[in-house]
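Take a look at the structure set out below.
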Amino acid sequence: MATSQRARALALLAGEPFDLLVIGGGINGAGIARDAAMRGLRTALVEHADFASGTSSRSSKLIHGGLRYLQEGDVRLVLEACRERERLRRLAPHLVRPQEFVFPIYRGGPVGRVKLAAGLWAYDLLAGWWNVHRHKMLSARATHAAEPALRTDGLRGAGRYWDCRTDDARLVLENVLGAIRDGAVAVSYARVTALVKEDGRISGATIVDRLGGTEVRVRARVVVNATGPWVDTITALDEPASPRLRLTKGVHLVVPRARVGNRAAVVLHAVADRRVMFVIPWGEHAVVGTTDTDHPGGPDAPPVVEASDVAYLLETVNHYFPAARLTPRDVTSTFAGLRPLIAPPAGAEVSPSSVSREEDVFVSRAGLVSIAGGKLTTYRLVAANVVDRVVDALRKAGVGRKFGRCRTSDVPLPGGETAPAVLAHAAISRDGHGLAPAVIGHLAHRYGSRLGEVLGLVAGDRALGAPLAAPLPDPRAEVVEAVRHEWAQTLEDVLRRRTQVALRDPSEGVAAADEVARLMGETLGWDAPTTADAVARYAATIEAGRRWR
Ligand SMILES: Cc1cc2nc3c(=O)[nH]c(=O)nc-3n(C[C@H](O)[C@H](O)[C@H](O)COP(=O)(O)OP(=O)(O)OC[C@H]3O[C@@H](n4cnc5c(N)ncnc54)[C@H](O)[C@@H]3O)c2cc1C
């Protein structure tokens, strides 16, 4: 977002009071802001860093019914998640796509054939009309044919079922863009430092613009705390309260898929402790994850990838895919996130993996609405529930205006209006502006019906069609798009969350950093020292993330 547009948004924050101020631009905050703006609430959204820079860009990137929750008897959660999975496929076909899973069964393993068949049958039943495809049980031979690289020793067969995968950071971004389209004011790199109260009721917040250094006081009738792992930090600005969250760390590795050899996403039981983990295909790469360990440092201590996390994940991949023989040197990149889980009652002995994934919405005496826990998959439902409460609070506060009903289950997310295959076909058969069909296909899945914005940039300057980091398909035009229309402010915003080049490129985007900084600087008006500083900061961040190596 060009500097002047950001300045305008900051000025609007300081103006007329809002109906709703949402703190936190992860999936929950972005979903709430969009829902509220669509219902006609004057809405503001502020995010401490980049949109989705918290947990919401560090997930396993699955939109799933949660087969695991079935085992725990949480039928309602599975039912809701299956329905949301289907809705999101419809509302954002460019971002939410079917993904085949193979769940192998091994002699002596924790899950036998009968139990798995029963579980998958129930999973299909709960999904009902909203199912992606029905499951199938495979013999050992059929499993070998489907996943030839999988260990055959002790293999008894497998269950094949379907969930969906997504681009988590972009799901957040499309919600932010949708909220803005419907009239919300959204600003990233804006941190809430204090809550404002009048007569004992929350009436706004103090925000520091982390890029310009100025302080803004935002007035709002209702404030929602959607800060994920930081929920307790914001709650403490309101009143002393015992912490509600238990933070656990989840680490993922990105490795070359050719080395692993998996075709579908494969469900594995970790060798060390039999926890469920996944190897998920991601283009030329596979994402391996995740770990689940307590994170005692609090939300401000970044989740750091340790050599032991890498060893834990590689041990399991190498066991089930014996030809992979992956070593830490083979890891292309890593990412780690914090799960903001609702802490079990004091004294209860619960392992990190057994802590409930359900969300909790709670309201303080001063009226601060907080949302914690939950999943990417069910964010839309959570947002609808929170906005219902906000509307109730506005009515109680005497706001007489009429607000519309929740429409997020019907109105596509930005980019989701047309199927990406249709968009790509149309663009290829017109003039691809020199871009290979595979690159246009990649762009159609990333931008959906906003594809024309990026192709228009290449039409204006063919040099923007060149790849940022060959052989990856991402053209340079994506940097310009990210800055002009998608609020990117730093190299990490572009390389990690708008394009994910940092996750798929062996240099983690460092080789492309000079060019990205040049392109960003042209739009953001950076001088030479600022550009050099941006490159140095990016390189330092990548270096810090590699300390485990
Ligand atoms: C390893 C892992 C794997 C997962 N995999 C899946 C999956 O595959 N599918 C699924 O459905 N779910 C998954 N989840 C769960 C899902 O990712 C989270 O539930 C979800 O992203 C939480 O979103 P959030 O908006 O609550 O928090 P966040 O995304 O963390 O957003 C909170 C935001 O608040 C901002 N903030 C904090 N303090 C302030 C302040 N003072 N002022 C302004 N802003 C502030 C932060 O910068 C942050 O961006 C996974 C989670 C983890 C950790």
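Values computed for the structure shown
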item	result
Residue pairs meeting the criteria (Cβ under 8 Å; at least 6 apart or on separate chains; first part of a loop (DSSP other than H, G, I, E, B), in region 205-216; second charged (D, E, K, R))	R210/R191; L211/R6
Residue match in region 162-182 (condition: touching a residue at least 24 places away in the same chain (Cβ under 8 Å), surrounded by fewer than 16 Cβ atoms within 10 Å (Cβ to Cβ) and over 30 Å from G441 (Cα atoms))	no
Restricting region 358-388 to residues that are among the basic types (K, R) and outside any helix (DSSP H, G or I), the residue that is farthest from the ligand (Cβ to nearest atom)	R365
Yes/no for R275 being within 13 Å of Y312 (Cα to Cα) and touching a helix residue (DSSP H, G or I) at 6+ places or on another chain (Cβ under 7 Å)	yes
Criterion violated by S353 - all others in (1) over 30 Å from R219 (Cβ atoms); (2) open to solvent by 10 Å² or more (accessible area, probe 1.4 Å); (3) assigned to a loop (DSSP other than H, G, I, E, B) satisfied	(3)
Any pair with Cβ under 8 angstrom, 6 or more apart, that starts in region 56-81 at a residue that is more than 15 Å from I27 (Cβ to Cβ) and ends at one that is within 11 Å of the ligand (Cβ to nearest atom) and open to solvent by 40 Å² or more (accessible area, probe 1.4 Å)	D74/E358; L77/E358
Flag for A236 being within 14 Å of the ligand (Cβ to nearest atom) and free of Cβ contacts under 8 Å to residues at least 12 places away in the same chain	yes
Among residues of region 505-518, those that are open to solvent by 10 Å² or more (accessible area, probe 1.4 Å) and part of a helix (DSSP H, G or I), counted	5
Qualifying position, being of a type outside the set (D, E), open to solvent by 30 Å² or more (accessible area, probe 1.4 Å) and modelled with pLDDT of 95 or more, among A393, A366	A393
Checking V172 against (1) within 11 Å of the ligand (Cβ to nearest atom); (2) within 22 Å of P17 (Cα to Cα); (3) not small (G, A, S), the condition it does not meet	(2)
Selected residue (only one of V399, V382 is of a type in the set (A, V, I, L, M) and at pLDDT 95 or above)	V382
Test: A502 is of a type in the set (A, V, I, L, M, F, W, C), under 22 Å from the mean Cα position of the chain (by Cα), open to solvent by less than 30 Å² (accessible area, probe 1.4 Å) and modelled with pLDDT of 95 or more	yes
Residue within region 311-334 that is at pLDDT 95 or above, outside any helix (DSSP H, G or I) and of a type in the set (K, R) present	yes
Residue tally, condition charged (D, E, K, R) and buried (at least 23 other Cβ atoms within 10 Å of the Cβ), over region 381-390	0
Residue among I280, I342 that is out of contact with any helix residue (DSSP H, G or I) (no Cβ under 7 Å at 6 or more places or on another chain), of a type in the set (V, I, T) and at pLDDT below 95	I342
Condition check for L491: out of contact with any Pro (no Cβ under 7 Å at 6 or more places or on another chain) and within 26 Å of A186 (Cβ to Cβ)	yes
Every pair of residues 6+ apart whose Cβ atoms lie under 8 Å, when the first sits in region 517-545 and is at positive phi while the second is part of a helix (DSSP H, G or I)	G525/T3
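For (1) touching a residue at least 12 places away in the same chain (Cβ under 8 Å); (2) crowded, with 16+ Cβ neighbours inside 10 Å, each residue gets a yes or a no:
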| position | (1), (2) |
| --- | --- |
| R357 | yes, yes |
| I371 | yes, yes |
| L376 | yes, yes |
| A397 | yes, no |
| T408 | yes, yes |
| V422 | no, no |
| L435 | yes, yes |
| A438 | yes, no |
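The values are calculated or read from the model by the stated rules, or taken from the named source; none is laboratory data. All of these numbers come straight from a predicted model, not from anything done at the bench. Note that each Cβ is placed from the backbone with ideal geometry, even for glycine, and that neighbours are counted across all protein chains shown. Ligands, DNA and RNA are excluded from the accessible area calculation, which covers all protein heavy atoms including side chains. Shrake-Rupley method; radii C 1.70, N 1.55, O 1.52, S 1.80 Å.
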